[in-house]
Amino acid sequence: MANRTLSISAVVMTSILALSACSDASNTPAKTASAAQSSPPKLQEKEDLSPFAGFASARFGSDETAVRAAWKGSLRDGGGSGTCRQLFQDPRPANGFGTSFMLENGQFVRYDIDTRERKAPRGLQVGSSSQQIRATYPGRFEEQPNKYEPGATDFIVTPYTDSDARLVFQTDSNGVVTRWRIGLPPAVFYVEGCS
């Protein structure tokens, strides 16, 4: 009988201690949570560059060396004047020029795409439709007639980010994107490039 009483007393005592520990834990602030909240956030190793900031690692305003490093391939000089030059991917694709970069006064100001190899912000590309542009960038674009092709339209897109850069889609008379470009004004609006 004494063993049984001792056994019941031990169970009761263990239960009281367990309940006491639970109530103490709820009154004690969690040190790990506050330590985690006061720690500074870790910086990303690589900065995420928006396409409206430049091309890959080459920011608008950087020099030709930065553009060539960002391209990671061969670029050929496409001519132009002393103040405006274009660099084209080399070799060129079978149709069109592929990707080109514009330098104005030695600074990177714009890039152009006329193949399906690359996508514009939000996934549109050469071959997309004017209806897709309107649906993808609601309230962020204006339409202008193309300077050279009757019935064709240029869509000028304002970015959602804080940037002066603009995205310009050129569509043909059937409303299909034939090329697009991103750059800083006024260079992004030069219809003939550096010509």
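The values are calculated or read from the model by the stated rules, or taken from the named source; none is laboratory data. Just so it is clear, the model here is predicted, and its values are computed rather than measured. Virtual Cβ from ideal backbone geometry, glycine too; neighbours counted across all protein chains shown. Each accessible area value is taken on the protein alone, full model and side chains, heavy atoms only, with ligands, DNA and RNA left out. Shrake-Rupley method; radii C 1.70, N 1.55, O 1.52, S 1.80 Å.
Please tell me the relative contact order of the stretch 48-189 in percent, rounded to the nearest whole number, where contacts are Cα pairs under 8 Å and at least six residues apart. Write down the numbers at each step before the final one.
Working: 306 pairs, mean separation 28.5, N = 142.
That works out to 20 percent.
Which of rounded, prolate or oblate describes the stretch 65-195 when judged by the alpha-carbon gyration tensor and an a/c cut-off of 1.5?
Values: a/c = 1.62, a/b = 1.48, b/c = 1.10.
It comes out prolate by the Cα gyration axes.
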On the accessible surface of the stretch 48-189, probed at 1.4 Å with all protein chains in place, carbon and sulfur together account for a percent value of 47
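Taking loop as defined by DSSP and a crowding limit of 14 other beta carbons within 10 Å, which GluC sites (Glu not before Pro) in the stretch 107-195 fit?
Details: sites: 117, 142, 143, 192; in loops: 117, 192.
Those satisfying the criteria are 117, 192.
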So, for the stretch 57-148, what is the accessible surface per residue at a probe of 1.4 Å, expressed in square angstrom? 53
Estimated inter-spin distance, residue 117 and residue 77, nm [label 7 Å along Cα→Cβ]: 2.2
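Indicate the gyration tensor shape class of the stretch 113-172 (rounded, prolate or oblate), computed on the Cα atoms with a ≥ b ≥ c the square roots of the eigenvalues: a/c under 1.5 is rounded; otherwise a/b larger than b/c is prolate and the rest oblate. Write down the numbers at each step before the final one.
On the way: a/c = 1.59, a/b = 1.21, b/c = 1.31.
Taking the square roots of the gyration eigenvalues as a ≥ b ≥ c, the stretch 113-172 is oblate.
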